[in-house]
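The values are calculated or read from the model by the stated rules, or taken from the named source; none is laboratory data. A quick note: this is a predicted structure, and the numbers were derived from the prediction, not measured. Here the Cβ positions follow ideal geometry from the backbone for every residue, glycine too, while neighbour counts run over all protein chains shown. Keep in mind that these areas ignore ligands, DNA and RNA; they rest on the heavy atoms of the full protein, side chains included. Shrake-Rupley method; radii C 1.70, N 1.55, O 1.52, S 1.80 Å.
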Amino acid sequence: MFSRQAVRCVRAAAPLAGRAAPVRGYAAAAASSDIKPPVAVYGVDGTYATALYTAAAKSSSLDPTAKALSSLSALLEKDPKLAAILSAPTLTAEDKGAIVAELSKQAGANSPTVKNFLDTLAENNRLGLLKGVADKFGEIIAAARGEVEMRVTSAQPLDNKILSRLETAVSKSSYVGAGKKLKVTNEVNPEIVGGLVVEIGDRTIDLSVSARIAKMNKLLSDTL
């Protein structure tokens with residue numbers, strides 16, 4: 001996907017790892033704007049995520065920007081080598097230009113906001129922060145949309161019918177505030193053996209078989 005020259009730069013990156021670059025451009029725009037995100041996120045990646053939200057809100061491109069960042073996050077999760085390429089501090093201006101062009105293509109981003117954001121990361125040697133920025137931008141967007149994340153972990157993938165029933169049941173409970181809507185995701189973890197682990201915001205409902213076994217083992221050990 002990326003140029004061989006960019007890949008070669010990764011091998012030479014170690015001696016220069018950790019070199020800092022100032023946060024410019026987008027961060028300055030965020031500080032000077034009246035638009036405020038609905039939730040605060042922290043760290044350097046949080047600064048960029050906040051600035052990107054501000055820029056997207058000002059250009060009325062929040063939805064396409066969110067879609068593009070979600071695609072880039074999925075791309076980074078799928079290709080672990082990509083993170084190493086983006087973090088290489090020895091990338092040349094030509095390498096960065098090629099990488100930004102490819103990332104924009106992969107994200108399906110036609111918005112100047114996303115392109116400018118990627119250019120800013122490249123200019124400041126911060127392309128390695130892309131995954132963190134995407135994640136924190138997702139947090140901001142979810143809050144702006146009034147979404148509450150519900151993560152359902154199961155031993156095997158759940159079909160849409162079961163997930164829909166869970167969403168309906170939880171939506172009527174006190175776990176979801178008025179005016180909020182659930183964003184349901186299903187993760188698979190065979191180690192829970194069976195049952196479900198439901199996480200809603202900062203609350204966890206552990207209905208897994210592994211949790212029941214652990215409780216039973218504790219009860220037996222305490223008794224003995």
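Remarks
- Element breakdown for region 44-142 at a 1.4 angstrom probe: carbon and sulfur atoms account for 51% of the accessible area.
- Given charges at Cβ of Lys, Arg, Asp, Glu: region 146-223 dipole, positive-most of Ile200, Gln156, Asn189: Ile200
- Residue pairs, from the table Lys183/Lys218; Lys36/Lys81; Lys36/Lys161; Lys58/Lys78; Lys36/Lys181, whose Cα atoms sit over 26 Å apart: Lys183/Lys218; Lys36/Lys81; Lys36/Lys161; Lys58/Lys78
- Here's the list of aspartates and glutamates a cross-link from Lys136 could span, going by alpha-carbon distance under 19 Å and ignoring same-chain residues fewer than 8 apart: Asp45, Asp63, Glu77, Asp119, Glu147, Glu149, Glu199, Asp202.
- Couplings 3J(HN,Hα) for region 143-148, derived from phi with the Karplus relation 6.51 cos²θ - 1.76 cosθ + 1.60 (θ = phi - 60°), are 5, 5, 8, x, 8, 10 Hz, where x marks Gly and Pro.
- Put a plus charge on the Cβ of each Lys and Arg, a minus charge on the Cβ of each Asp and Glu, and nothing anywhere else: the dipole of region 146-223 about its Cα centre is then about 280 debye.
- J(HN,Hα) series, region 194-205, from Karplus relation 6.51 cos²θ - 1.76 cosθ + 1.60, nearest Hz, glycine and proline x: x, x, 9, 10, 10, 10, 10, x, 9, 10, 10, 10
- A simple spin-label model places the labels of Ser59 and Asn110 1.4 nm from each other, with each point 7 Å out along Cα-to-Cβ.
- For region 70-210: rounded, prolate or oblate by the Cα gyration tensor [a/c cutoff 1.5]: prolate
- With a simple spin-label model that places each label point 7 Å from the Cα along the Cα-to-Cβ direction, the separation between Ile213 and Lys67 comes to 4.4 nm.
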